[in-house]
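In what follows, a structure is listed as structure tokens, so that the remarks can point back to it.
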Amino acid sequence: MTKKLIAGNWKMNGGLAANQALLNSILSGLRGPACDVAVCVPAPYFAQCQPLLAQGPVALGAQDVSAHETGAYTGEVSVAMLKDFGVRYAIVGHSERRQYHGENDALVASKAQRALAGGVTPIVCVGETLAEREANRTEEVVKRQLAAVIHLNGHCISEIVVAYEPVWAIGTGKTATPEQARDVHGVLRAQLKAATPHAQRVKILYGGSMNAGNAAQLLAQPDIDGGLIGGASLKAPDFLTIIASAA
Ligand code: 13P
């Protein structure tokens with residue numbers, strides 16, 4: 001069995017003092033975690049977080065990466081810049097980027113490609129809206145989103161991490177039931193199996209109101225290989241409890 005991955009997505013939260021306090025609490029509370037752990041921090045704080053996390057068990061992650069290598073792309077952050085700060089993971093295609101920044105499947109796929117080429121593991125987010133779920137379109141939507149990434153990255157698709165994040169469960173306190181999550185994870189695993197003999201190696205995370213109370217049950221499901229945690233990753237005791245649930 002592959003080790004689970006618990007990744008915090010801080011989103012646009014934090015500050016110098018708060019980051020230091022949060023990371024100190026997480027690092028001092030971790031007891032040789034039995035799973036992989038990462039925190040995806042806002043880009044301006046890579047320089048602060050890299051030395052705090054150095055040599056520790058918590059990897060540094062980014063929340064996005066440019067699809068371009070370098071050049072005149074104002075506001076973008078390249079994969080080479082991530083590497084300069086020891087970043088191991090980059091979330092791509094988070095629903096908040098799809099929704100508020102107009103990112104489409106093709107762009108998400110090329111961001112994943114750029115991350116892979118630069119030696120950073122993309123955490124590719126997929127997930128349906130409430131309207132899509134109610135119209136019984138969940139499977140179609142997540143498969144379309146993942147297919148775009150497989151299409152462009154077929155040869156190294158086993159190197160990605162996938163995160164299933166139902167949009168209606170993000171920041172709402174509504175979590176997918178373990179059965180709902182397991183079903184979609186099963187669909188994604190089957191799709192990966194059709195693309196690579198190493199599909200079992202791909203971690204498929206669940207994200208969407210995962211918290212200290214519901215993590216253990218979600219993480220016990222087949223094909224749920226970890227979590228991508230928003231709100232609860234900003235509270236050290238909650239994040240530590242989720243990490244402990246993944247052991
Ligand atoms: P919440 O855990 O706050 O629902 O956010 C989930 C998420 O979007 C992680 O990327």
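The values are calculated or read from the model by the stated rules, or taken from the named source; none is laboratory data. Being a predicted model, the structure only gives us computed values, none of them experimental. FYI the Cβ positions are ideal-geometry reconstructions off the backbone, even for glycines, and counts take in every protein chain you see.
May I ask you to list pairs of residues, at least six apart or on different chains, whose Cβ atoms are under 7 Å apart, with the first in the range 5-23 being within 17 Å of Gly226 (Cα to Cα) and β-branched (Val, Ile, Thr) and the second being surrounded by 15 or more Cβ atoms within 10 Å (Cβ to Cβ) and at pLDDT 95 or above?
Pairs found: Ile6/Cys35; Ile6/Val37; Ile6/Gly226; Ile6/Gly227; Ile6/Ile229; Ile6/Ile242; Ile6/Ile243; Ile6/Ala246.
Exactly one condition in (1) in a helix (DSSP H, G or I); (2) within 16 Å of the ligand (Cβ to nearest atom); (3) over 14 Å from the mean Cα position of the chain (by Cα); (4) not charged (D, E, K, R) is false for Val108; which is it?
Tallying (1) in a helix (DSSP H, G or I); (2) within 16 Å of the ligand (Cβ to nearest atom); (3) over 14 Å from the mean Cα position of the chain (by Cα); (4) not charged (D, E, K, R), Val108 fails exactly one: (3).
Restricting the range 1-28 to residues that are surrounded by 15 or more Cβ atoms within 10 Å (Cβ to Cβ) and of a type in the set (Val, Ile, Thr), which is nearest to Ile243 (Cα to Cα)?
Ile6
Examine the range 208-217 for a residue that is surrounded by fewer than 20 Cβ atoms within 10 Å (Cβ to Cβ) and in contact (Cβ under 8 Å) with a residue 60 or more places away in the chain, and state whether such a residue exists.
no
Applying the selection to the range 1-37, what residues are farther than 19 Å from Cys49 by Cα and small (Gly, Ala, Ser)?
Listed by number, the residues that qualify are Gly32, Ala34.
Which condition does Gln55 not pass, out of (1) touching a helix residue (DSSP H, G or I) at 6+ places or on another chain (Cβ under 9 Å); (2) in a loop (DSSP other than H, G, I, E, B), if it passes all the others?
(1)
Can you pull out every residue in the range 190-215 that is part of a helix (DSSP H, G or I) and closer than 16 Å to Ala147 by Cα?
Ala190, Gln191, Leu192, Lys193, Ala194, Ala195, Ala199 - these are the residues of the range 190-215 that are part of a helix (DSSP H, G or I) and closer than 16 Å to Ala147 by Cα.
Only one of Thr196, Thr241 is modelled with pLDDT of 95 or more, away from the ligand (no atom under 12 Å from the Cβ) and under 20 Å from Leu22 (Cα atoms); which?
The unique qualifying residue is Thr241.
Going through the range 79-99 one residue at a time, which ones are within 17 Å of Glu128 (Cβ to Cβ) and free of Cβ contacts under 8 Å to residues at least 40 places away in the same chain?
Listed by number, the residues that qualify are Arg97, Arg98.
For the range 122-165, what are the residues that are within 15 Å of the ligand (Cβ to nearest atom) and within 13 Å of the chain's Cα centre (by Cα)?
The answer is Pro122, Ile123, Val124, Cys125, Val126, Gly127, Val161, Val162, Ala163, Tyr164, Glu165.
Can you name the condition, by its number, that Gln63 falls short on among (1) within 21 Å of Asn211 (Cβ to Cβ); (2) touching a strand residue (DSSP E or B) at 6+ places or on another chain (Cβ under 8 Å); (3) in contact (Cβ under 8 Å) with a residue 60 or more places away in the chain?
For Gln63, the failing item is (3).
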